[in-house]
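What follows is a set of notes on a single structure, which appears directly below.
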Amino acid sequence: MTSGPARPPRRRRDILALGPTGLGPLPSADAVAAMTDSERHHTLEGLRGQLYDLASVVADRAVQRAWQQRHRYPPYGLVRSLFTQMRVVADEPGAYEERSITGFTDLGKALVDTLVFHLDRELAFIREKGPRWLPGRLADLLTLFREDARPDAQARLRDPFSFLYGGLHFGASTSVQAVEVMNRLLDDHQGDPRLDPEAKAAVLHASIRVVHQLATLNLADIPAVYRRLTSGGDGPDGGPVSSWFRPECFVVDARDDVPRRVDLRPELLAAVEPEDQEIRYATRGCPARYSPTEGPGAITVLWHWCVDLAGDTGLLIAR
């Protein structure tokens, strides 16, 4: 069951100005559990926009924090927080050293580590400096949605960190995989002259529509679309991976044989088949997909930063 097109989010200043009083009281988890399916659906659909509006505030602030503080962690601005190795966030992590990122798998792990560190710091900052009510409100909302979630989705709804980590991990891994496959496509493009890393980066920056399309997918659509996009086997760095974007799912848009951008093949984003819909309620896509302010959203920042990181670490050089 879907809820129709997602409404535009409130601006951050508006939803933060409302506060918990202006947003209104929340029903208890017991009250929601006692509702009929129809009543519960109506109640949760009325709260879903609030959940994603508030989550987008924190996701946006965490990504902006990572972007603005990147100069404190040279040479790449990436933080070795240990989360991808040990599922912990280091108190004082070091930076990723020069030449330590030798492939796109390394880059993906480093970007996730960095975002996790800054998400943890941003949540701590909000609890200390404000708006202090925001993490608690998010936790209460997640409790209501967790009660009706599938078992495999309940862990993601456990607390604000887990929920936001899922969205930021999705944004980071999608960006890295898309940059990797686009880079290969541009290497294989038979245009003349062949693109150097700077020219490739310009094309990649212009190809941001792909990640926006993927970030907007509802949760029910993601499994089917990703099955179309991915395959097993070896990753671009030679190591085994469960899935990685397939080049044939993308197309180079060129003019006079000069690439302008890379796009997804449109048929890959078609609606899911009925048998793929295993979730009762639709979500509003990745919490980081839009900005609650008038600036660029977290996904936009992640994409452009990922392209720049691929260039800085030498990954855009033809192999």
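Only one entry of D120, D113, D106 meets the criterion of being in contact with a Phe, Trp or Tyr (Cβ under 9 Å, 6 or more places away or on another chain) and free of Cβ contacts under 8 Å to residues at least 40 places away in the same chain, and that entry is D113. Within segment 212-224, is even one residue at pLDDT 80 or above and out of contact with any helix residue (DSSP H, G or I) (no Cβ under 7 Å at 6 or more places or on another chain)? No, there is no match, as no residue in segment 212-224 is at pLDDT 80 or above and out of contact with any helix residue (DSSP H, G or I) (no Cβ under 7 Å at 6 or more places or on another chain).
Of the residues making up segment 236-256, those that are more than 20 Å from the chain's Cα centre (by Cα) and at pLDDT below 85 are P236, D237, G238, G239, P240.
Checking each residue in segment 86-107 for being farther than 17 Å from V307 by Cα and hydrophobic (A, V, I, L, M, F, W, C) picks out M86, V88, V89, A90, A95. Residues in segment 191-215 that are in contact (Cβ under 8 Å) with a residue 40 or more places away in the chain and not in a helix (DSSP H, G or I) were compared, and the one that is farthest from I299 (Cα to Cα) is D192. The residues listed here are G171, G94; of these, the one that is in contact with a strand residue (DSSP E or B) (Cβ under 8 Å, 6 or more places away or on another chain) and farther than 28 Å from G22 by Cβ is G94. Within segment 65-82, the set of residues being surrounded by 14 or more Cβ atoms within 10 Å (Cβ to Cβ) and assigned to a helix (DSSP H, G or I) comprises R65, A66, W67, R70. In summary, R137 fulfils each of the numbered conditions (1) modelled with pLDDT under 95; (2) buried (at least 18 other Cβ atoms within 10 Å of the Cβ) with the single exception of condition (1).
Specify which of the listed residues (A124, A149) is over 20 Å from R80 (Cβ atoms) and either at pLDDT 95 or above or open to solvent by 10 Å² or more (accessible area, probe 1.4 Å) (or both).
Only one candidate qualifies: A149.
Against the list (1) open to solvent by 60 Å² or more (accessible area, probe 1.4 Å); (2) in contact (Cβ under 8 Å) with a residue 12 or more places away in the chain; (3) over 22 Å from the mean Cα position of the chain (by Cα), the condition R40 fails is (1).
Listed here are the residues, each with its yes/no results for (1) surrounded by 12 or more Cβ atoms within 10 Å (Cβ to Cβ); (2) at pLDDT 90 or above; (3) among the acidic types (D, E); (4) not in a helix (DSSP H, G or I).
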site: G4; (1), (2), (3), (4): no, no, no, yes
site: I15; (1), (2), (3), (4): yes, no, no, no
site: P27; (1), (2), (3), (4): yes, yes, no, yes
site: S56; (1), (2), (3), (4): yes, no, no, no
site: A62; (1), (2), (3), (4): yes, yes, no, no
site: T84; (1), (2), (3), (4): yes, no, no, no
site: A90; (1), (2), (3), (4): yes, no, no, yes
site: E98; (1), (2), (3), (4): no, yes, yes, yes
site: T102; (1), (2), (3), (4): yes, yes, no, yes
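Among the residues here, I279 qualifies as modelled with pLDDT under 60, of a type in the set (V, I, T) and open to solvent by 30 Å² or more (accessible area, probe 1.4 Å).
Conditions tested, residue by residue: (1) within 13 Å of L316 (Cβ to Cβ); (2) at pLDDT 90 or above; (3) open to solvent by less than 10 Å² (accessible area, probe 1.4 Å).
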residue: G171; (1), (2), (3): no, no, yes
residue: S175; (1), (2), (3): no, yes, yes
residue: E180; (1), (2), (3): yes, yes, yes
residue: R184; (1), (2), (3): yes, yes, no
residue: R194; (1), (2), (3): yes, no, no
residue: E198; (1), (2), (3): yes, yes, no
residue: A202; (1), (2), (3): yes, yes, no
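The values are calculated or read from the model by the stated rules, or taken from the named source; none is laboratory data. Values in this document were obtained by computation on a predicted structure and should not be read as measured data. When we count neighbours, we look across all protein chains shown, and the Cβ atoms used for this are built from the backbone with ideal geometry, even at glycine. Surface accessibility is based on the protein's heavy atoms, side chains included, excluding ligands, DNA and RNA. Shrake-Rupley method; radii C 1.70, N 1.55, O 1.52, S 1.80 Å.
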